[in-house]
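Notes to accompany the following structure.
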Amino acid sequence: MTEFDFPNETEAERGYLVGIAFQSERALLSIEDSLSELALLADTAGIRVVGRTWQRLRQINPKTLIGTGKLQEIVDEVKLREASVIIFDEELSPRHQRELEKHMGESVRLLDRSALILDIFAQHARTSEGALQVELAQYEYLLPRLTRQWTHLARQAGGGGARGGSGGVGLRGPGETQLEVDRREITRKITKLKQDLEHVRAHRSLHRRRRRSSGLPLAALVGYTNAGKSTLINALTEAKVYAADQLFATLDPTTRRVQLPDRREALLTDTVGFIQKLPTTLVAAFRATLEEVVEADLLLHVVDVSHPNAGQHIEAVEDTLAEIDASSMPRILALNKTDRIKGALPAFDLIDTYVGMVAISARDGDGLDELLETMRAALSAQMTSLEVVIPYQTGQVYSDLYDKGYIESERTGSEGWRLRLRLPKSHCENYRQFAVLAAE
């Protein structure tokens, strides 16, 4: 068994958690809180946690990461609690994983946080695009850790077969080891998956351009996993997106129309949730999906304000936004789940980086009108004025402007309709050829 052999639905494995506190590093969450989050991840993956421990390290053991005494303590505890899987709260290097497996024995599997998150994503990806992205991340994670045959992984991740892939492991050439064959095969599959995802990316980019042609501004929901983004988009748009009180309940983006207080419409997109220590392979593989965030006119950062680590969750999301070059975008902070709060709301740092902050309960509907008004004001600030003359023979352009609600005032003349437009800055180039005067 290897990293991605996870339990079936009828048999829950018994998991033992191991945390590491590095004295030289500033951790986003305390070791206790991080292990509690890891326990939720394990539960989401179908693993029942039966124990946990942690060690504070001044320096890393180059072979086994943790100290030899702590390692023996873990081996003894795992036997005592009859655990079948050990989960580390840090991403293990290939060497650490190999050395630890030698001490654990073949009856116990070894996972790290990254492998666990990858499995949860694999379980929850409901579209072919999501499955492709997760499969790529799984293979890129596995490649440097490959120590034995991986044909079971091809079945677990799809192996490309269901999508017209190239089948199983090839034959060995003269003097070639099975490990070399497996590595070459996984490398080939990674190349194929990247090509498939480039097609997905091109298709999504075309879809975004078509959405842009509708003239509707785009707002994207971002936030820590289980902050309530899907519940919010359902409350604002009746989208009927799957929502559950669990980590990474939804992965695939959903876009719906939402009506603003001035009766104009905007597009609202629900995106994948973030988490601390999000595997870099996932961030890279989900590039096409995360471009929905980068291309938006406005971000709604949804925070579970009732969570004791809400401040740290905000920081983790901000770190991920910076990683995908979206940290400078206009953002509204939506403090969700206020129905669970008694008394005053907690204060947070970084508030001055937001264009607005609204306390809401997506479940009960409290504060949603104020949120929509804040969205309207923020999107309006992204608008600009443009004066144009539309010739009478291009009446379709006039009709499009009218349908999109861009016309602020108009009068007729010998050359055509003279219009003063109010429209998103990103749409100005579509009508620049008709411009006679531009002003902010």
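Quick note: the coordinates plus some simple rules give every number you see, no bench work behind them. These numbers were taken from a predicted model, which means no experiment stands behind them. Glycine also receives a Cβ, built like all others from the backbone with ideal geometry; neighbour counts cover every protein chain displayed.
If a paramagnetic tag sat 7 Å from the Cα of Ser24 along the Cα-Cβ line, which residues of the stretch 83-106 would have the backbone N under 20 Å from that point? Inside the label zone: 89-97.
The order of the peptides 293-303, 193-203 by mean Cβ neighbours within 10 Å, most packed first, is 293-303, 193-203.
Here the stretch 1-136 is treated with +1 on each Lys and Arg Cβ and -1 on each Asp and Glu Cβ, and its dipole about the Cα centre works out to around 520 debye.
Averaging 1/r across all pairs of distinct Cα atoms in the chain and inverting the result yields a Kirkwood radius of 24.4 Å. Under the criterion of Cα pairs below 8 Å and six or more residues apart, the relative contact order for the chain equals 11 percent.
In the chain, the DSSP beta bridges split such that about 40 percent are antiparallel, to the nearest 5.
Counting only residues at least eight positions apart within a chain, or on another chain, the lysines with an alpha carbon under 21 Å from that of Lys229 are Lys240, Lys277, Lys337. The distance separating the Cα centre of the stretch 80-102 from that of the stretch 357-420 comes to 56 Å. Here the chain is treated with +1 on each Lys and Arg Cβ and -1 on each Asp and Glu Cβ, and its dipole about the Cα centre works out to around 960 debye.
Seen from all directions on average, the stretch 214-381 presents a Cα convex hull projection of 9.2 nm². Summing charges over all other residues whose Cβ lies under 12 Å from the Cβ of Arg188, with Lys and Arg as +1 and Asp and Glu as -1, gives +3. Sequence-distant contacts, meaning Cα pairs under 8 Å at least 6 residues apart, place the relative contact order of the stretch 20-110 at 29 percent.
Which FRET efficiency value, to the nearest 0.05, is calculated for Tyr402 and Ala202 with the Förster distance at 41 angstrom and r the Cβ-Cβ distance? About 0.80, to the nearest 0.05.
Both radii are taken from the alpha-carbon atoms of the stretch 383-439; with Rh as the Kirkwood radius, Rg/Rh is 0.91.
Excluding residues fewer than 8 places away in the same chain, name every one of the lysines whose C-alpha is closer than 16 Å to that of Lys404. Leaving aside lysines fewer than 8 places away in the same chain, those within reach of Lys404 are Lys425.
Based on C-alpha pairs under 8 angstrom that are at least 6 apart in sequence, the stretch 247-290 has a relative contact order of 36 percent. Between Arg340 and Lys240, the FRET efficiency estimated from the beta carbon spacing at R0 = 30 angstrom works out to 0.80.
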